[in-house]
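Read-outs throughout are calculated quantities, based only on the coordinates presented, and are distinct from any laboratory measurement. Remember, it's a predicted structure, so these values are computed and weren't measured experimentally. For neighbour counting, all protein chains shown are included, and Cβ atoms are generated from backbone atoms with ideal geometry for every residue, glycine included.
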Amino acid sequence: MIKEQRKAKAKAIAVKLAYVILLLLTYTLGYLVASYPSSSPYPPLSHTSAPSIVQLANLPNQLDHFRVTTHCADRPVQPGLVRQTILDRVFNSTSPYQDFPPPHVRGRLRPKRIKGWGSNGAVFENLIRKVKPRTIIEVGTFLGASAIHMANLTRQLGLQTQILCIDDFRGWPGFRDRFRDISMVNGDVLLLHQFMQNVVSVNFTDSVLPVPFSTGSVLDKLCEWGIFGDLIEVDAGHDFNSAWSDINRAYRILRPGGVLFGHDYFTAAADRGVKRAVTLFARVHNLKIRIDGQHWVMDPA
Ligand SMILES: *[C@@H]1O[C@H](CO)[C@@H](O)[C@H](O)[C@H]1NC(C)=O
Ligand SMILES: *[C@@H]1O[C@H](CO)[C@@H](O)[C@H](O)[C@H]1NC(C)=O
Ligand SMILES: *[C@@H]1O[C@H](CO)[C@@H](O)[C@H](O)[C@H]1NC(C)=O
């Protein structure tokens, strides 16, 4: 009996002691927090809700998502000089179509092998009629179906348009499972050559030029060189990070009043990230998205 009373008393003391310690700790903590310099550069953390993605994206240091350091040219290259600028900067001032095809791929190309997805949608004609572009930049070209379609439209409308096709022309790992007829020489898929052959086959070499490097690196370079697009189509990597990177970079080289648009807003592929990237970009920049067939279109702000 006495033993039990002692036990209970000890327990009561322990509990009281715990309260006192807790009180002291709380007080000390409160004191520390209060005495923290009020000029702290860190904004107070909200206990009720985490910052939204748009708030985060709008922080000045986050908006430049890729820490792009490229300084864009102050003066844009005149439309009539765009082709020559690319030839000079990328192709040692010689047309890549000169002496095409080279001996090692001769006989390995199909005379014409064009395959695309949504490449003939009405969106192309709608936008080309509206914008009357002198420079079109295509991000993601593959075999050139939509580039050739756009070149055809601009010619029919009597526009003098140069189309730059940005693509590394590697396809994607395993793409030859579906395109066995695209040859490979020592691991080098002949996608660039087949694309060029397609352009040759329709006699559009004067208006369609490949820029065969990764999309990010070319978009940054175009900015640096002062090459801006009146119409820019984004249709390269469909995962969120690729689409987000391409859209952010493409937007920097969109001529004021130009139109940025892209493929796969409403197809199964959109789920991989295109739609999320487009929606987030539009929210961050307060832009409106409209849909035209399978394409999203970002009209001038
Ligand atoms: C670039 O062009 C010049 C002049 O046509 C030529 O002499 C030179 O060999 C070319 N360089 C390369 C790397 O092809
Ligand atoms: C260009 O468009 C016309 C009219 O739609 C069509 O008949 C022709 O086949 C097209 N040419 C190419 C190379 O796509
Ligand atoms: C190819 O196009 C050029 C103009 O770009 C034209 O002068 C030439 O006649 C065309 N060739 C053929 C075979 O259609």
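Applied to the range 134-140, the Karplus parametrisation 6.51 cos²θ - 1.76 cosθ + 1.60 on θ = phi - 60° returns per-residue 3J(HN,Hα) values of 8, 10, 10, 10, 10, 9, x Hz, with x for Gly and Pro.
Taking the charge dipole of the range 132-286 about its Cα centre, with +1 at Lys and Arg Cβ atoms and -1 at Asp and Glu Cβ atoms, the residue from ASN198, GLY158, VAL259 reaching farthest to the positive side is VAL259. Across the options GLY140, VAL189, GLY118, the greatest Cα extent toward the positive end of the charge dipole of the range 70-298 (unit charges at beta carbon of Lys, Arg, Asp, Glu) belongs to GLY118. Were the residues from ARG129 through PHE175 laid out at 0.36 nm apart, the gain over their Cα-Cα distance would be 13.1 nm. For LYS130, the aspartates and glutamates whose Cα comes closer than 16 Å to its Cα, not counting residues fewer than 8 places off in the same chain, are ASP230, GLU233, ASP292, ASP299.
The residue list GLY80, ALA243, GLY293 was ranked by how far each Cα lies along the charge dipole of the range 70-298 toward its positive end, using unit charges on Cβ atoms, and GLY293 comes out on top.
Sequence-ordered 3J(HN,Hα) estimates for the range 72-87 from the Karplus curve with 6.51, -1.76 and 1.60 and θ = phi - 60° stand at 6, 4, 6, 10, x, 6, 4, x, x, 10, 4, 4, 5, 4, 5, 4 Hz, glycine and proline given as x. Using the Cβ-Cβ distance between ASN186 and ALA73 with R0 set to 45 Å, the FRET efficiency works out to roughly 0.75.
A simple rule links phi to the HN-Hα coupling: the Karplus curve 6.51 cos²θ - 1.76 cosθ + 1.60 with θ = phi - 60°, which for the range 239-255 gives 6, 4, 4, 5, 4, 4, 4, 4, 5, 4, 6, 5, 4, 5, 10, 8, 4 Hz, with x for Gly and Pro. Charge dipole (Cα centre; +1 on Lys/Arg Cβ, -1 on Asp/Glu Cβ; no other charges) of the range 70-298 amounts to roughly 360 debye. Distances between placed amide hydrogens fall under 5 Å for VAL77 paired with ILE227, PHE228, all partners being 5 or more residues away or on another chain.
Taking the Cβ of VAL234 as the centre, find all other residues whose Cβ is under 11 Å away and add up their charges (Lys, Arg: +1; Asp, Glu: -1). The answer is -4.
Computed about its Cα centre, the charge dipole of the range 145-262 is approximately 100 debye, with only Lys, Arg, Asp and Glu carrying charge at their Cβ. Distance between the modelled labels on ASP292 and LYS112, one decimal in nanometres: 2.6 nm (7 Å Cα→Cβ projection).
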